[in-house]
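Following: one structure in structure tokens, then a few remarks.
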Amino acid sequence: MHTDLRRHAIIPDPFWGTNELDLQWIEEHDWEYTAKIDVPAGLLAEDVVELVADGLDTVATVTLNGRRVARTDNMFVAHRWEVKKLLRAGANELTIRFDSALRYIRTHRRAHAPKEFNDPVGRSQVIRKQQCQFGWDWGPRFVTAGIWRDLRLEGWSRNRLLGVRITQAHARDGGVTLHLAPELTRADRTATCHYRLKLGGIVVAEGIGTAIAIDHPQLWWPNGHGAQPLYTLALEVRRGDGTPIGACVHRLGLRTIELDRHADAAGETFQFKVNGRVIFAKGANWIPAHAFVAALRRADYERDLRSAVAAHMNMIRVWGGGIYESEDFYDLCDELGLLVWQDFMFACAIYPGDRAFVRSVKLEAEQQVRRLRHRACLALWCGNNEIEALNQDPAQGNPPLLSQPAPRAAYAALFEQTLPAVVAALDGVTPYWPSSPHRPDGGYRHADGEKHGDTHYWDVWHARQPVKDYEKWRFRFVSEFGMQSYCSGETQATFCPPGEGNIFGAAMENHQKNRGGNQVILDYVSRRYRFPRTQDDLVYLSQLNQAYCMQTGVEHYRRLMPHCQGALYWQLNDCWPVASWSSIEFTGRWRALHFVARRFFAPALVTARLPGDEIAGIGNYRRSTVREAHLYTVYDAPQPARGVLRWDLFKLDGSVVLRGSKPVSLRYGESVHQHTLALGEPIARHGRDSLLLRLALDVEGAPASEDTVFLTAPRFMNLPQGKTKVQTALVHPRQARVAFTSPVFQHRFAFELPGLPHRASDNYFELYPHETKTVTLDFARPITLARLRDALRWRSLADTY
């Protein structure tokens, strides 16, 4: 509704300034769509003519030629209505009236009163509608309505193909057989499957039957573990007399997948195995890519999912407060090798458990499982997001709601009975997990997550605990953790009126949806960095801090491998321009985090753990117990390799205090403590405020991983400033190379090209003295060298104060 009102210039840009606040009236109104439909006589000659609605949001009354067809109340359910008797050849009128979702909420299931976590008005759980439309701690409140997926007329006679269930049998000798089970509206024992299977345009199997043996099958692998060959299976189901019933086309990746949970010394594993190989899940959480999801197209998904692959991710968690994504999303995940952890669309609060609600959810789940079960990317069905954790912890309400009989029964009806039964009956291959986070013994404390299950760790950020606290816990799988940053000036300009960009002003606060979030960012920034000169510098520092926090967490979890087998940070993307936890801004611009993620998710990683900590005691005197650095290599590339681990402890003036190297063997799935570097003596001699530790890992003679370790917070260090030498070269009109050289060390050197959309091979990197760093830039439009040089801007940490 909002997008249609905007298209007709009835409302202003919902994202601009504080316009969101002035558009809340829309949710209180009813809206009606009317369309003229010309129906050919040939369509009416079919036995059955159906009006098909793939998505109506949400409380809709459908009328055809003045006669009521149906009423709906679940956004996630597709509908088919027999309408032949209501149609006439030629002109017809279809009307869909959408009632106010708020009025529905006020008048339905009035006894349902969950604890609210995200809906400022309340009780959005009583309606099956995209939950983050009602507001979330990163998104606006736009409770919209309308036709959000396809609407059409379909005719058929005698029978109709609902779909084909496709399962894979993988033999020990490597052979793969596809088994086909057609699903028809009307049972027909004489029906036959006619198939053609292609790979890369070449027919590899063709025939009639319900089993396809594939010679020399090529397996599908997650990103970083192999290729993603996709077979195209064209199927036609025919009656016994040869008359076609229906046809469909699926793209298939041949692979096995399991959630491996076996007992070990610590408790129970939580790890994904693909084609028999244990995979460390590297990735992020996905929210709807736009506040108005009906407008999303393949290009919108492709921009961010390709960015995920560029950062070496292999898993995306589709979070449960959004939507079941479109075919474009899952097509791309199949193509790119991104495993999908798929939540059902429930989040945080307790949902109703009455018969009508459960019946609607069952239909919703059946449709989504049938739609997605054949996908190579599909790794897990998860019942919900955080309902279990938030409603059984006494800190969130005492007694916890899930300890009370009625809420507990409603929870069980949905997530322990209905959803797992649907997955078992209609999928039977993809594992089901009841909630995220979830621990099999019902525990909700961090110590339970060290034994089994998955964990959402939010002590850093929500509880404002030190970033070092990531290293306190040895979790088995971490499916949420995050840190916010402010969005870039370029993105800010898309929503903030000139002169109103102050971080604590009305426009910026409206584009910060976590209560007190702007202050929390400032708090964490102040712990690590000096007070910035400008707001642009503050934005830059907030993004450095976000990247540092996620690097600390991810590298810790990767060092714990194989005890820990997954790190999915919160979050990959945004649904509007906002200060948030995302690594990709709404405009597609990479935050510093995404560039750094490409390093900490790299197959070969060098990383350091500094036992001990630095704290401020009585009198604000700093005390540090850091006396050594434990140097690790982490490796998850499929093929073993040899490398060289190098370290340099150097002073701010560039002089080297300590240097060393070690040949290392790198094997799949190994985290190895390679060396302990004693730092007590050099710290005593030179002071930790003037020392930096440079780490590097070369693999087969080529640089693979590199970073700088600080022995104290950078705010206590007088980092040098130096004049950067810049050389530019145009490769062709849409590509350039830029080389940066500095006489001094520059931390997280970052450059910008305002007004020139581009993708950089690297940014927010370390610039070491007298070592040239060359970056390749790919532009959306042709540029000139003069335009490039004129636009180029840069800074590093030392330039911010």
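Tabulated data for the structure shown
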item	result
Between segment 612-671 and segment 280-339, the Cα center-to-center distance that results, in Å	34 Å
Percent RCO, i.e. relative contact order, over the chain, from Cα pairs under 8 Å lying at least 6 residues apart	9 percent
Residue-count net charge about residue 544 - beta-carbon cut-off 11 Å; Lys, Arg +1, Asp, Glu -1	+3
Spatially proximal aspartates and glutamates relative to residue 725 (Cα-Cα < 12 Å; intrachain offsets below 8 disregarded)	771
At q = 0.14, 0.23, 0.25, 0.28 Å⁻¹, base-10 log of I(q)/I(0) for segment 375-427 (Debye sum, equal scatterers on each alpha carbon)	-0.46, -0.88, -0.96, -1.08
Electrostatic dipole magnitude of the chain [Cβ: Lys, Arg +1; Asp, Glu -1; Cα centre; debye, to 20]	560 debye
Surrounding net charge for residue 266, when Lys and Arg each add one and Asp and Glu each subtract one, Cβ distance under 11 Å	0
Extreme residue, positive dipole direction of the chain, given options 151, 683, 514 (C-beta unit charges)	683
Partners for residue 362 among lysines (Cα-Cα distance below 16 Å; same-chain residues under 8 apart left out)	129
Segment 130-196: trypsin sites (Lys or Arg not before Pro) in DSSP coil with no more than 10 other Cβ atoms inside 10 Å	172, 186, 189
Pair-distance profile P(r), taking every C-alpha pair of segment 14-171, with 10 angstrom steps and integer %	9, 31, 27, 19, 12, 2, 0
Estimated 222 nm signal from helices in the chain, with DSSP H stretches of n ≥ 4 weighted -39500 (n - 2.57), rounded to 500	-5500 deg cm²/dmol
Taking the C-alpha atoms of segment 668-787, convex hull volume expressed per residue in Å³	170 Å³
Prolate/oblate/rounded label for segment 90-194 (Cα gyration tensor, a/c 1.5)	oblate
Cα convex hull of segment 475-516, projected area averaged across orientations, nm²	4.1 nm²
Cα-Cα separations in segment 4-85 greater than 20 Å, expressed as whole percent	52 percent
Calculated P(r) tail over 21 Å for segment 528-592, as whole % of Cα pairs	36 percent
Trypsin sites (Lys or Arg not before Pro) within segment 395-490, DSSP loop, no more than 15 other Cβ atoms inside 10 Å	445, 464
Student exercise, segment 1-93 dipole from Lys, Arg, Asp, Glu Cβ charges, in Debye to nearest 20	540 debye
Gyration tensor verdict on segment 328-452 (Cα atoms; rounded if a/c is under 1.5, prolate if a/b is larger than b/c, oblate otherwise)	oblate
Test item: Cα-centred dipole of segment 408-486, Lys/Arg +1 and Asp/Glu -1 on Cβ, debye	220 debye
Over segment 476-604, relative contact order from alpha-carbon pairs under 8 Å, at least 6 apart, %	37 percent
Positive-pole candidate from 279, 390, 138, dipole of the chain, charges at beta carbon	279
Separation of alpha-carbon centers, segment 349-390 and segment 414-459, rounded to whole Å	13 Å
Separation of alpha-carbon centers, segment 491-510 and segment 701-727, rounded to whole Å	32 Å
Entries in 468/773; 282/773; 472/773 that, when Cα-Cα distance is taken, lie over 32 Å	472/773
Value in Å of the Kirkwood radius, where segment 466-544 supplies the Cα pairs that are averaged	14.1 Å
Positive-end residue, the chain charge dipole about Cα centroid, Cβ charges, pick of 66, 166, 552	552
Loop-resident sites, segment 608-710, for chymotrypsin sites (Phe, Trp or Tyr not before Pro), counting at most 12 other Cβ within 10 Å (DSSP)	621
Of every Cα-Cα pair in the chain, the percent that sits beyond 42 Å	35 percent
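We did not get these values from a lab; they are worked out from the coordinates using the rules stated. Treat the numbers as computed from the prediction; the structure is a model and nothing was measured. Note that each Cβ is placed from the backbone with ideal geometry, even for glycine, and that neighbours are counted across all protein chains shown.
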